[in-house]
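Here the structure is laid out as structure tokens; the discussion comes afterwards.
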Ligand SMILES: Nc1ncnc2c1ncn2[C@@H]1O[C@H](COP(=O)(O)OP(=O)(O)OP(=O)(O)O)[C@@H](O)[C@H]1O
Ligand SMILES: [Mg+2]
């Protein structure tokens, strides 16, 4: 499919150059010289992406945006400006422009931005038109990634969805196991019925049996009434047993029985009740190893592993990273009700090279954090400094927890500042100072004031550190 790009610029030669570059890359182009022609072009053509000069002859390009969006609500607008002042960027972003190019326009950057804008438009159109042809496309609608490894996953999801077999999803933490389970349920004939999630690692061993199978009144001192277990709650629907590898051998045996007989026995009861439940299990452990170690029953494993789905780690399908970045920046923009922020090519490259041991979840969190840190219109490598320049420190530190804590702290701080209506001109510096100053003080104390040691621990340049120390007046 070929996309149409409208070039609205009053500069003749720039219009020609841009149009030639875009044609060569396979886009159809339409040109407009002023506000009037721009509106006409938008009315008469089906435009996917437009490049809009901020000074469009006699009119202000920004002022046009509203009328353009009224006529064509899905068009992705890329603003072109001679001088990228923050204020213009903010104004553009407020009006939900997709991105921003500064003159002189770099060809690579142009093509990259247009391509991303075009695919974003494509997604929006698909979503709004709801033209999902079959389960597989639906699965892809929410899971992104076009790598061969993920294509296989989508196919298995599609096939698993229409069968009623037990599925075992395997993959490292954060690879999307729960998302896959949800998609299987949503695309299955049981989709209108409950989808019940049980995190087997989060329930205390003494409660797991009653949680899964329920109990009758009097089964425990605290059991004042009958209680339905998750299996009964999931009746006619799907139960998702997350981290199934964490179940005790004892509970594993009871689960095996449910799988064989499709019957449960509430704690304290002698009756069995039949349940009609589809089972999807997930684990981030190598269950084969657990079988060897005798911590997982092999008969249960074979019962669960009827349809296996292996989710590859993100670092083995790096080509999916740009699509995921795009998904998350759009999603958070929507969630936080802010305009979508662009991301520089260099940043995408760096993020693509990163190892992502926490997989998609880590990437998702990194983007959330970066959006909080980013004060401009573009995500840059510096907004990901925490992960990109992370020094190899004590690996026992639980980075994910630390990240989450930092993130919520930041969110609080920034929201407070934004709501305080004080002078926000130096938001980036203010927020950085909140974290940077105490961080330096603590590390310097730890190194007895030794700056080179401190800079090593911090993973920043020594000169940068000493310059920052001066700013904060730390000795
Ligand atoms: N291919 C994908 N496309 C879009 N979002 C994804 C994809 N894979 C994972 N995610 C998102 O990443 C996050 C982590 O996914 P999920 O919770 O399903 O992983 P998990 O394997 O269950 O992780 P954990 O082992 O930590 O529980 C979720 O927010 C999920 O929506
Ligand atoms: Mg999970």
- Task: Kindly indicate whether any position in the stretch 425-441 is in contact with a strand residue (DSSP E or B) (Cβ under 6 Å, 6 or more places away or on another chain) and at pLDDT 80 or above.
- Result: no
- Message: Being surrounded by fewer than 20 Cβ atoms within 10 Å (Cβ to Cβ), in the same structural domain as residue 303 (by TED's automatic domain parsing) and near ligand 1 (Cβ under 8 Å from one of its atoms): is that true of residue 178 here?
- Response: yes
- Note on the structure: Expected single match for modelled with pLDDT under 90 and under 26 Å from residue 199 (Cα atoms) among 273, 331, 303, 297 is 331
- Within the stretch 256-270, restricting to residues that are touching a strand residue (DSSP E or B) at 6+ places or on another chain (Cβ under 8 Å) and closer than 25 Å to residue 221 by Cα, the one that is surrounded by the most Cβ atoms within 10 Å (Cβ to Cβ) is 264
- Message: Take the conditions in contact (Cβ under 8 Å) with a residue 12 or more places away in the chain, assigned by TED's automatic domain parsing to the domain that holds residue 102, within 18 Å of residue 115 (Cβ to Cβ) and touching a strand residue (DSSP E or B) at 6+ places or on another chain (Cβ under 9 Å) and apply them to residue 29. Does it pass?
- Response: yes
- Across (1) in contact (Cβ under 8 Å) with a residue 60 or more places away in the chain; (2) in a loop (DSSP other than H, G, I, E, B), residue 310 clears everything bar (2)
- Message: I'm trying to understand the selection: among the residues of the stretch 225-246, which are assigned to a loop (DSSP other than H, G, I, E, B) and more than 16 Å from ligand 1 (Cβ to nearest atom)?
- Response: 225, 226, 228, 229, 234, 235, 236, 237
- Query: Looking at residue 161, is it closer than 24 Å to residue 305 by Cβ and away from ligand 1 (no atom under 12 Å from the Cβ)?
  - Reply: yes
- Item | Residue satisfying all of: in the stretch 374-386; surrounded by 21 or more Cβ atoms within 10 Å (Cβ to Cβ) and in a helix (DSSP H, G or I); nearest to ligand 2 (Cβ to nearest atom) among these | 384
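Residue-wise test of (1) modelled with pLDDT under 85; (2) in a loop (DSSP other than H, G, I, E, B).
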| position | (1), (2) |
| --- | --- |
| 91 | yes, no |
| 97 | yes, yes |
| 109 | no, no |
| 112 | no, no |
| 115 | no, no |
| 119 | yes, no |
| 123 | yes, no |
| 127 | yes, no |
| 131 | yes, yes |
- Message: When you scan the stretch 346-362, do you find a residue that is buried (at least 20 other Cβ atoms within 10 Å of the Cβ), touching a strand residue (DSSP E or B) at 6+ places or on another chain (Cβ under 6 Å) and in contact (Cβ under 8 Å) with a residue 40 or more places away in the chain, even just one?
- Response: no
- Kindly provide the set of residues from the stretch 238-268 that are farther than 29 Å from residue 286 by Cβ and either in contact (Cβ under 8 Å) with a residue 24 or more places away in the chain or within 16 Å of ligand 2 (Cβ to nearest atom) (or both), ordered by number. 265, 266, 267, 268
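The values are calculated or read from the model by the stated rules, or taken from the named source; none is laboratory data. Model, not experiment: these values are computed from the prediction. In this analysis, Cβ positions are derived from the backbone assuming ideal geometry, glycine residues included, and neighbour counts consider all displayed protein chains.
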